[in-house]
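Input: a single structure, listed below in structure tokens.
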Amino acid sequence: MNNNKEQAIIAIDDPIVQVKDLNLFYGQSQALFDLNFDIPRHRVTALIGPSGCGKSTFIRCINRMNDLIDGLSTTGSIRLDGRDIFERSLDVIDLRRRVGMVFQKSNPFPKSIYENVIFGMRIGGVTEKPILDETVEKSLRRAALWDEVKDRLHDSAMGLSGGQMQRLCIARAIAVSPEIILMDEPCSALDPRSTAHIEELIRDLNGEYTIIIVTHNMQQASRISDYTAFLYEGELVEYGRTKKVFTVPVKKATEDYITGRFG
Amino acid sequence: MKKIVKNKYWRDGEPFVWGSAAALSLILILTFSLLIVIFKNGIAVYWPSPQLLFEMEDGSSYLGEVVQDEEQPTGLRHQLKIANRDLYGLDFTWIDAADIKNKSRPEGAVVLERYGYGNFHGFLSALNLPSLVVDHGPPWPRFQAALAALGPEIAKVKESKGELRALNHRIVGLDKKIAQYHHRGDDDPATLLPLQDEKGLLHHEFDRLVADLEALETTLHQNTALFTDATGRQQSIALTAIVRAYQPNAMSVFAKTGLYLSKLWELFFAEPRESNTEGGLFPAIFGTIMLIFIMSIFSFPLGVLSGIYLREYAKEGFLVRLVRIAVNNLAGIPSIVYGIFGLAFFVYGIGSSIDQAFFPEYLPTPTFGTGGILWASLTLGLLTVPVVIVSTEEALGAIPSGLRESSYALGATKFQTLVRILLPMASPGIMTGFILAMARAAGEVAPLMITGVVKLAPSLPLDGNFPFFHLDRKFMHLGFHIYDIGFQSPNVEAAKPMVFVSTLLLLGIVVLMTSSAIILRNKMKKKYAITH
């Protein structure tokens, strides 16, 4: 276990998220064990690992989506720009505006494309139409969706294809200008072409946003991420630059997983 | 080989498919036969049927319309509506087909609808019109001209009756004021005398109007027409007693259609006559719709809010489960139990307290401490609230959790998520609950019978007298009307057509209200449907 920790802590300049001694419990059973690592700013970090290893549980801690689950408790800390997000005085609403999230299943609201994008702004109280219009165009362009939907912004988002819906969800997350975007297996329900689209988009967003992406797809992780963390049964097994993790993994378990011997 | 076929037969569940199809067909057949019976009987009531003159072997003769035929061991027999209750005592009679000597359709047969004693069947023989100026000519056109000339006179009578009602309202108002002063112990003649004087003046005016009215009515009553019935007996009938007169055997299809439409108009917009078995149903239609509206105003917000709390805010646990079971059980309680609860809680509990607090001067005459449309609506509201709660809860529960999460992830509070995402999406489901609740409320009679419905309400719960909404008033209701005329009427045969008409009307109202709600729901569904 000590060995693990040594491997996990690698030096990162200007980390945006610092995870320290994070333990997470569902009632009596523990799901995350002593996680310690820093996530770099404006980079793409991939979380890989077999199903049930705690990847999703972990990223849901960062915007405190886990608050919605009864009987869940944590110890340790996650610092966002140096401030502990588990602090009582922290405003969850504010946190979630800073940390956007895209889910596995694309889930646009049953509203128009336009209203979907500005949902975050509307609930934030923005009503000026020029600002909203501008945000819609900017976000949709950023999500590489603008050219496909610019003529039907006021049509229902339910008429979009699966890949378009997922990009709309990304646009919706971008619209509130978050610092971090969490992506929970954003491509697992999409066909290869839409997946390629999203991957291209993620590469494009790299350098501007901090992206933490959970994925089952090893190739995807190696293609799009700068850093990769390998979780196994709630523990951080290996963490480092993606190139290094995929070419010369330190741990046997990492190698076995990457080469497809289990998982 | 045979065995395999048999196995396939059972494996595909053929008997099960047939069984389920049969069950559905049975239900469809039952529903449609109910609708067809009601529709056929209800729709034909106002179509004028031909008047047939039957001359019998024994020398008697009958003029009337055939209501139904019946095969008896002794042979075929017809039921005739012969009307003329004042002459024969009964409106209906049975005749054996074998005893009929001669059957004819006399052109001159007249049907009179009267304000009393039901219809009259006969032939016009003479006119006596002392106070009406009508051109001379053949009797029937002259008779019709006389009826037309009577119209404005009757309008005058109605007008002065309206004036009398208004005067009466003012006198009652003064009485209440005086009662209030007495109740406060304020017997100061300075305040009471002017009131007494005013009341005296009003009474004087009232008496003068009554005298005028009586004089007018007496002159009008002198205009009579002499009719002969099938047996040759003569009957003099005042023109003022006649609602409508027509010769069905001489009428064209257009004339019959005109008559039909005028009767429909009467049905929808006029007051009932002859202990509700004739005339219009306006007060009952009005009462039914108003009841449902007031019920909705109370029941829907209450149900939706409770459903929201139960699903979104209450912490799952023993208590919430208990509440949920209780709500589900409430939906299954017999409606008469709600009626009794309404009587005890609303009428005797709240109503009496309101009377003691706000209207003590009128006691022991109750104002709110007796059945009324408000209490009946509230009782129905209680009855339908579980339906709304359950449907709201289910509609909210059916929304995919991903949508809530995305909303929260964008920084929305629980309330914002509820208002902007969940409620619009749940609205079609909630509407379904409304529709079920409305349909149930429209069909309930039992709880109304003890919380304020009456056979004949003197005034509507909504009228031009301040404060316009009189929620303490008793009201009429189509469902109760059906029960009342169908089973409590002394003249069941005569009331039968009205039972069908009322039933058809009640069904029509329910269909109208629910289908408009369904259209609204489908619009919402289209708007908020999610596809994945």
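Tabulated results
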read-out: Count of residues meeting criterion [surrounded by fewer than 17 Cβ atoms within 10 Å (Cβ to Cβ), part of a helix (DSSP H, G or I) and in contact (Cβ under 8 Å) with a residue 24 or more places away in the chain] in the stretch A:204-222; value: 1
read-out: Yes/no for residue B:134 being surrounded by 12 or more Cβ atoms within 10 Å (Cβ to Cβ) and closer than 24 Å to residue B:264 by Cβ; value: no
read-out: Qualifying position, being within 14 Å of chain B (Cβ to nearest Cβ) and either in contact with a Lys or Arg (Cβ under 7 Å, 6 or more places away or on another chain) or among the aliphatic types (A, V, I, L, M) (or both), among A:68, A:140, A:80, A:72; value: A:68
read-out: Criterion violated by residue B:94 - all others in (1) more than 29 Å from residue B:502 (Cα to Cα); (2) surrounded by fewer than 16 Cβ atoms within 10 Å (Cβ to Cβ); (3) not aliphatic (A, V, I, L, M) satisfied; value: (1)
read-out: Residues located in the stretch B:167-183, provided they are surrounded by fewer than 12 Cβ atoms within 10 Å (Cβ to Cβ) and of a type in the set (Gly, Ala, Ser); value: none
read-out: The stretch B:42-87: number of residues that are over 25 Å from residue B:115 (Cβ atoms) and among the polar types (S, T, N, Q); value: 6
read-out: Unmet criterion (only one of (1) facing another protein chain (nearest Cβ under 9 Å); (2) touching a helix residue (DSSP H, G or I) at 6+ places or on another chain (Cβ under 6 Å)) for residue A:104; value: (2)
read-out: Lone unmet requirement of (1) open to solvent by 40 Å² or more (accessible area, probe 1.4 Å); (2) without any contact (Cβ under 8 Å) to a residue 24 or more places away in the chain for residue B:47; value: (2)
read-out: Some residue of the stretch A:159-177 being closer than 17 Å to residue A:208 by Cβ, at the interface with chain B (Cβ under 9 Å from one of its Cβ atoms) and outside any helix (DSSP H, G or I); value: yes
read-out: Scope the stretch B:397-452; condition open to solvent by less than 40 Å² (accessible area, probe 1.4 Å), of a type in the set (A, V, I, L, M) and within 13 Å of chain A (Cβ to nearest Cβ); matching residues; value: B:399, B:403, B:409, B:410, B:412, B:418, B:421, B:422, B:425, B:426
read-out: Set A:237, A:248: member being touching a Phe, Trp or Tyr at 6+ places or on another chain (Cβ under 7 Å) and either open to solvent by 10 Å² or more (accessible area, probe 1.4 Å) or of a type in the set (D, E, K, R) (or both); value: A:237
read-out: Selection within the stretch B:109-118 - surrounded by 15 or more Cβ atoms within 10 Å (Cβ to Cβ) and touching a strand residue (DSSP E or B) at 6+ places or on another chain (Cβ under 9 Å); value: B:109, B:110, B:111, B:112, B:113, B:114, B:118
read-out: Boolean, residue A:166 is more than 30 Å from residue A:29 (Cα to Cα) and crowded, with 24+ Cβ neighbours inside 10 Å; value: yes
read-out: Any hit, the stretch B:305-315, residues being acidic (Asp, Glu) and open to solvent by 20 Å² or more (accessible area, probe 1.4 Å); value: no
read-out: Test result for residue B:339, surrounded by fewer than 16 Cβ atoms within 10 Å (Cβ to Cβ), of a type outside the set (A, V, I, L, M, F, W, C) and over 15 Å from residue B:470 (Cα atoms); value: no
read-out: Checklist (1) assigned by TED's automatic domain parsing to the domain that holds residue B:388; (2) crowded, with 18+ Cβ neighbours inside 10 Å applied to residue B:249, failing item; value: (1)
read-out: Residue match in the stretch B:108-116 (condition: at pLDDT below 85, in the same structural domain as residue B:242 (by TED's automatic domain parsing) and part of a loop (DSSP other than H, G, I, E, B)); value: yes
read-out: Identity of the residue in the stretch A:146-158, assigned to a helix (DSSP H, G or I) and open to solvent by 10 Å² or more (accessible area, probe 1.4 Å), that ends up nearest to the other protein chains (Cβ to nearest Cβ); value: A:158
read-out: Out of B:338, B:309, sole residue that is part of a helix (DSSP H, G or I), more than 32 Å from the chain's Cα centre (by Cα) and aromatic (Phe, Trp, Tyr); value: B:309
read-out: Matching residues, the stretch B:259-279, being small (Gly, Ala, Ser), open to solvent by 40 Å² or more (accessible area, probe 1.4 Å) and free of Cβ contacts under 8 Å to residues at least 60 places away in the same chain; value: B:262
read-out: Filtered residues of the stretch A:112-132 (kept if more than 8 Å from every other protein chain (Cβ to nearest Cβ) and touching a strand residue (DSSP E or B) at 6+ places or on another chain (Cβ under 9 Å)); value: A:112, A:113
read-out: Where a residue in the stretch A:86-98 is more than 7 Å from every other protein chain (Cβ to nearest Cβ) and its partner, wherever it lies, is basic (Lys, Arg) and open to solvent by less than 50 Å² (accessible area, probe 1.4 Å), with Cβ under 7 Å and at least six apart; value: A:92/A:64; A:95/A:64
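This table checks each residue for (1) more than 24 Å from residue B:482 (Cα to Cα); (2) in a strand (DSSP E or B).
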{"position": "B:40", "(1), (2)": "no, no"}
{"position": "B:48", "(1), (2)": "no, no"}
{"position": "B:55", "(1), (2)": "yes, yes"}
{"position": "B:64", "(1), (2)": "yes, yes"}
{"position": "B:69", "(1), (2)": "yes, yes"}
{"position": "B:78", "(1), (2)": "yes, yes"}
{"position": "B:83", "(1), (2)": "no, no"}
{"position": "B:86", "(1), (2)": "yes, no"}
{"position": "B:90", "(1), (2)": "no, no"}
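Listed here are the residues, each with its yes/no results for (1) among the β-branched types (Val, Ile, Thr); (2) modelled with pLDDT under 90.
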{"residue": "A:139", "(1), (2)": "no, no"}
{"residue": "A:159", "(1), (2)": "no, yes"}
{"residue": "A:162", "(1), (2)": "no, yes"}
{"residue": "A:180", "(1), (2)": "yes, no"}
{"residue": "A:186", "(1), (2)": "no, yes"}
{"residue": "A:193", "(1), (2)": "no, yes"}
{"residue": "A:214", "(1), (2)": "yes, no"}
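The values are calculated or read from the model by the stated rules, or taken from the named source; none is laboratory data. Small disclaimer: the values here were computed from a predicted structure and weren't measured. Ideal geometry is used to build each Cβ from the backbone, glycine not excepted, and the neighbour counts take in all protein chains shown. The area values use the complete protein model at the heavy-atom level, side chains included, leaving out ligands, DNA and RNA. Shrake-Rupley method; radii C 1.70, N 1.55, O 1.52, S 1.80 Å.
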